[in-house]
Structure formats: C-alpha cells, structure tokens
Amino acid sequence: MMYRLSAYRQLKNRASSSHLNWITLFNSTRSNHTFSFATVKAEEVSGSQPAEVHNLVQGKWTKSSSWNTILDPLNGQPFIKVAEVNESELQPFVESLSKCPKHGLHNPFKAPERYLMLGDVSTKAAHALGLPEVSDFFAKLIQRVSPKSYQQALIEVLVTQKFLENFCGDQVRFLARSFAVPGNHLGQQSHGFRWPYGPVAVIAPFNFPLEIPLLQLMGALYMGNKPVLKVDSKVCIVMEQMLRLLHECGLPVDDVDFINSDGKTMNKLLVEAKPRMTLFTGSSRVAEKLANDLSGRVKLEDAGFDWKILGPDVNEVDYVAWVCDQDAYACSGQKCSAESILFMHENWSKSSLLDKMTELAARRKLDDLTIGPVLTVTTETMLDHAKKLLQIPGSRLLFGGEALQNHSIPKIYGAIKPTAIFVPLEEILKDEHYHLVTKEIFGPFQVVTEYKDNQLPLVLDALEKMHAHLTAAVVSNDILFLQKVIGNSVNGTTYAGLRARTTGAPQNHWFGPAGDPRGAGIGTPEAIKLVWSCHREIIYDVGPMPLGWKVPAST
C-alpha cells in the first residue's frame, strides 16, 4: 500500500508540475500562438520553411538515417521532412515493446495509480485543446497536411477535445470496472476483469490526422497497454505535435513509441516485435494482409462502401439534399463513412432533390477547401472509373465528372469536381457490373440509383452482397420501413430517421463496422473495452472446507 501511494504521488507531482508549466506558457504566449509543446507554427510550414518530424522510442525523440520529403498537397512544394526509420533501425522499437509484459503497464491488480494519472492527463489535455489558440493551431495544422475546410478541421479537434473530457478524473478507472458472481459454496466467487494485452500497435490513416490516432492511442493507454503508434507519413506531424502536448500534460515519455516508416518496414516491425494486438484503420487490402501476417491478432476499422436509402416519405427536401452533399463531398469525400451510393425511392426522384444536390455541389470550391486534393486516388483514376460506369446501359452523369481547373495541386494527388453518376438498379445487381459499381473511390464521388416500392427487396439484395459494413443511413420517418431495412442490414454505425446521415460521427456514440469479429470501434467506453482489453476471469475459492471432508473415489 505504501508503495502504491508513493508511486501515485510521484506520478501526480510530475503531472502537477507539468500542468503548471503549460498553463504558464499558454497564458504568456497567447498573442503569438507559440506553445511550449510545439516545434512548428502551422501557418509557417512551407517549402521555404519545411518542418521536421522525429520518432519517439524508449522515451527519447530521435531522427533516422534518411528523410522522406512530403509534398504540399496544394502546390507540390517539399514542405515537411519526416525522419523515416528503415528496417535496419527497428531494433530499439522491438526492444521497447518487448519490455512491456503481457499483463501490461497497469491492470486492476498492478499499478492502479496509473488509471488516476491518465485521468489527470486527459483533464489537462482536454483543457489545452479547449483553448481557442490551441484548437486553432491543430485545425490549421490539419488543413496543411490533409486539406479540408477550416470548419471540418476544427470539428475534428473539438471531437477529440470532447473525447478527452469524457475520460477525465475517475472515468479511466471506470473502464476497468469488474463484476462478481456467487460461487457454488462459501468462499467461492468468480470475478470478471478487463485485462490489457500489453505491447500493442496503432496504425492510423491520413484522413483524420488527429481524431483517429488520438482516440485509439488513448484507449490503448487507458486499458494498460504499451502502444507503438504509426500514422500515415503525409500527416504524421499532427500526432507528433499532439504527443508533445500530452507529455506537457503529464504523460510519461516512455508510455508511447512513435514511429515513422514505410509500410514494408512497419510490417517487419509488427512481425518481429509481435504485439499482442494491432489496431488498423485503413484500406481493406492492407487489413487482410495484416490479419494473415499477424495470425489474426488484429482489430480492423477498414474501408466502407457506405450506403444511404431514401424511403418513400418525402419531406424537408432542402435539408436532405444538404446532408447528401455533406456526406458525399465534405473533406473531398475522404471519409471512410462517406456516402458512396444513394438509393432513392421514386418519390424522391420526382422531387427537386437532384437539382438541389447539383446546386450544392457547384458551391464547393478550392478557395475555401470545400473541395480539394484527394491524397490517395489520382485524377486519372477517378475519371477513368466514371468513364467505365457511364458505359453501363442506362447510366448518366448527374454532375461533375471533370478535373478541377486553375490549381497547383501536384499530379500525384487527385483533383476533380464533386461527381455523381446515375446507374439503374437492375444493372447494378448484374454480376458483370456489381463489383465495378461498388468499388470504393476515396474521393468526391458517388453512385445514385432509383427504386420503386416493389423493388425494395432488390435494394436489400444489393446491401447483402457488399463486403464492408461500416456506416449507413435510412432516411425515413416511416417506422415500418425503418424496421424492414434495419432488420435486413448489418452496418455497424447506422443512422435512421429523416435526419439520418452517414458521416459526422461524434465522440458520444460507437463508430465502427459490424459483421466481422475483427471489427474495431472508436470513441465510447464500449469501443475502448472491446478493442483494447480482453476478459480475464479470476475465481476465488478460499474455503472453508466442509466439516468431515474425506478424499472421494476417483472419477
């Protein structure tokens, strides 16, 4: 007991000291937007003033023998240098993970003061991100590397801040809440505990440079794990700065390793270090490879070809059109929850919906980044896909289908106008067309189709054939229609009702796929416990022995 109290006091004193330091610095530097944790100024990262991103291993920030130069997605200038670890430099990361035992950095029986420490870290980090100057810093840094409108970037910061608020104080230890069940006799009880995996890995994508890696990283830490974090090199500077902020807020510097590398090197690290669990958010192709290479020790939040169904009841056309535009084209369609296909009841196609969607798409412009660079799909690939879809009988271009003009976006990225292509439902379901139509294009691109009352079973057949079940929307206030569609579909995050959407998941509800035992959630206590802990049952059986007990016959 004295050891635990002493350890907690040391952790708390360290956190309190850093808490005072960053409060002092935030208060004294608000005028020039420089902070003690930051090594860059978001507005100044450019070809003339390139930023550097380092690695963190065993509590030390390090460089590497080579640099990966990241091009500015808006003008092609080399504006960030990332110290990328090569295969010969992996040993410190392997050693770091190997130092963490399978029972973790903490668990309900070991170092419980760390639950309290991490609650304190969350409190301080939430407060820091709540400061307008700090939230503005991260929003603008996100914009520099994953261009999206300022409002979309700021929302990402605010969702992250609210998540941290949700796990302040005692909320971290509440994640490890256990239960007990009476046994068969006096002195026997079974207790269920949430147990960490120990050494783990987090691999995060480019499209949400702060929200996805931070939420999963903190979930891993809360449950007692030691994570190594890998973020897409194009945007890794955001989490590098966030880690430095977390250290200012009292997170021990050796709790997390941060590695920059290419995919091949990261794969080698995972195979050699053998983390007990790896969380991967990204493409289905890479997800399946990791599942094989790591013998299934993965949780996946992979790609989503996300659908929306507009029911027979037509209401609030302006609102529904706006949500369709946001779902398909906000962040240039680079959301795993973006609207990929829209099934309209014929009543909607008789309304002004398509005209209004066309008008809304036309408002988007590069100047305010309401449309912008597509970082994983080239212009040629997207336009070629559109051309193939338009060869399907009955298909037609609703709007878009053209490259953006008058810009300096480098050719390695994509740049097209918001695009929608109509494909008849009967043609979608044909074997020769289905895989083409349901190919996910991670950009401002969607397929639109129409169905009649008697064709709802065909729509449900189309949903059943899909292989990714992330988000979905059923736009209707007809409860019988909702029950029919929801009862015959599987997507893990499904919005239902007139205001239903596919994107914009906040921190207050589960976000993740369903229908796959490897599926990973994010954001909520349920998601954290599912992804970052396993169940351990401890059965106490202390007696007393029954009076007159004798050794029974063998059985």
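The values are calculated or read from the model by the stated rules, or taken from the named source; none is laboratory data. Being a predicted model, the structure only gives us computed values, none of them experimental. When we count neighbours, we look across all protein chains shown, and the Cβ atoms used for this are built from the backbone with ideal geometry, even at glycine. All accessible areas refer to the heavy atoms of the entire protein, side chains included, with ligands and DNA or RNA removed. Shrake-Rupley method; radii C 1.70, N 1.55, O 1.52, S 1.80 Å.
Structure summary
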item: Counted residues, the stretch 530-555 - those being open to solvent by less than 50 Å² (accessible area, probe 1.4 Å) and more than 18 Å from V202 (Cβ to Cβ); result: 2
item: Residue that is surrounded by the fewest Cβ atoms within 10 Å (Cβ to Cβ) [pool: residues in the stretch 448-474 that are assigned to a strand (DSSP E or B) and either out of contact with any helix residue (DSSP H, G or I) (no Cβ under 6 Å at 6 or more places or on another chain) or of a type outside the set (A, V, I, L, M, F, W, C) (or both)]; result: E450
item: Inter-residue pairs, beta-carbon under 6 Å, first more than 30 Å from M223 (Cβ to Cβ) and in the stretch 526-555, second modelled with pLDDT of 95 or more, 6+ apart; result: G543/G187
item: Considering residues of the stretch 274-305 that are hydrophobic (A, V, I, L, M, F, W, C) and farther than 16 Å from A514 by Cα only, the residue most open to solvent (accessible area, probe 1.4 Å); result: V286
item: Residues satisfying the stated conditions in the stretch 84-124, i.e. in contact with a helix residue (DSSP H, G or I) (Cβ under 6 Å, 6 or more places away or on another chain) and farther than 24 Å from W61 by Cβ; result: H106, E113, Y115, G119
item: Residue list for the stretch 290-315, filter: among the charged types (D, E, K, R), farther than 24 Å from K102 by Cα and out of contact with any Pro (no Cβ under 8 Å at 6 or more places or on another chain); result: D306, K308, D313
item: Filtered residue count, the stretch 352-377, keeping only those that are crowded, with 17+ Cβ neighbours inside 10 Å and assigned to a loop (DSSP other than H, G, I, E, B); result: 9
item: First in the stretch 303-331 and within 26 Å of A520 (Cβ to Cβ) and of a type in the set (A, V, I, L, M, F, W, C), second anywhere and modelled with pLDDT under 95 and assigned to a helix (DSSP H, G or I), Cβ under 7 Å, 6 or more apart; result: A303/S284
item: Selection from the stretch 492-523 of residues that are surrounded by 17 or more Cβ atoms within 10 Å (Cβ to Cβ), basic (K, R) and over 19 Å from M223 (Cβ atoms); result: R501
item: Hits in the stretch 430-477 - residues which are among the acidic types (D, E) and closer than 19 Å to G333 by Cβ; result: E440
item: Residue ID - farthest from N225 (Cα to Cα), chosen from residues in the stretch 154-203 that are among the β-branched types (V, I, T) and either under 18 Å from the mean Cα position of the chain (by Cα) or part of a loop (DSSP other than H, G, I, E, B) (or both); result: I155
item: The one condition in (1) basic (K, R); (2) closer than 23 Å to F35 by Cβ; (3) open to solvent by 30 Å² or more (accessible area, probe 1.4 Å) that K124 fails to fulfil; result: (3)
item: Residue satisfying all of: in the stretch 60-75; open to solvent by 20 Å² or more (accessible area, probe 1.4 Å) and of a type outside the set (S, T, N, Q); nearest to P147 (Cα to Cα) among these; result: L74
item: Qualifying positions in the stretch 141-153 - in a helix (DSSP H, G or I), buried (at least 18 other Cβ atoms within 10 Å of the Cβ) and either in contact with a Gly (Cβ under 9 Å, 6 or more places away or on another chain) or not polar (S, T, N, Q) (or both); result: L141, I142, R144, V145, A153
item: Among (1) among the polar types (S, T, N, Q); (2) farther than 30 Å from N454 by Cβ; (3) not in a loop (DSSP other than H, G, I, E, B) - the single one S408 does not satisfy; result: (3)
item: Which numbered condition K308 misses (of (1) open to solvent by less than 40 Å² (accessible area, probe 1.4 Å); (2) over 21 Å from A111 (Cβ atoms); (3) within 20 Å of the chain's Cα centre (by Cα)); result: (3)
item: Matching residues, the stretch 166-191, being open to solvent by 20 Å² or more (accessible area, probe 1.4 Å), small (G, A, S) and touching a strand residue (DSSP E or B) at 6+ places or on another chain (Cβ under 7 Å); result: S178, A180, G183, G187, S190
item: Residue in the stretch 446-460 that is closer than 17 Å to T494 by Cα and either modelled with pLDDT of 95 or more or in contact with a Pro (Cβ under 6 Å, 6 or more places away or on another chain) (or both) present; result: yes
item: Condition broken by A527, with the remaining ones in (1) modelled with pLDDT of 95 or more; (2) under 22 Å from L436 (Cα atoms); (3) open to solvent by less than 50 Å² (accessible area, probe 1.4 Å) satisfied; result: (2)
item: Candidate set: the stretch 18-57, residues that are of a type in the set (V, I, T) and at pLDDT 55 or above; chosen: the one nearest to L97 (Cα to Cα); result: V57
item: Candidates K439, K411 - the one that is surrounded by fewer than 19 Cβ atoms within 10 Å (Cβ to Cβ), closer than 19 Å to E380 by Cα and either touching a residue at least 60 places away in the same chain (Cβ under 8 Å) or in contact with a strand residue (DSSP E or B) (Cβ under 6 Å, 6 or more places away or on another chain) (or both); result: K439
item: R194 vs. criteria touching a Phe, Trp or Tyr at 6+ places or on another chain (Cβ under 6 Å), within 25 Å of P112 (Cα to Cα) and either open to solvent by 20 Å² or more (accessible area, probe 1.4 Å) or modelled with pLDDT under 95 (or both); result: no
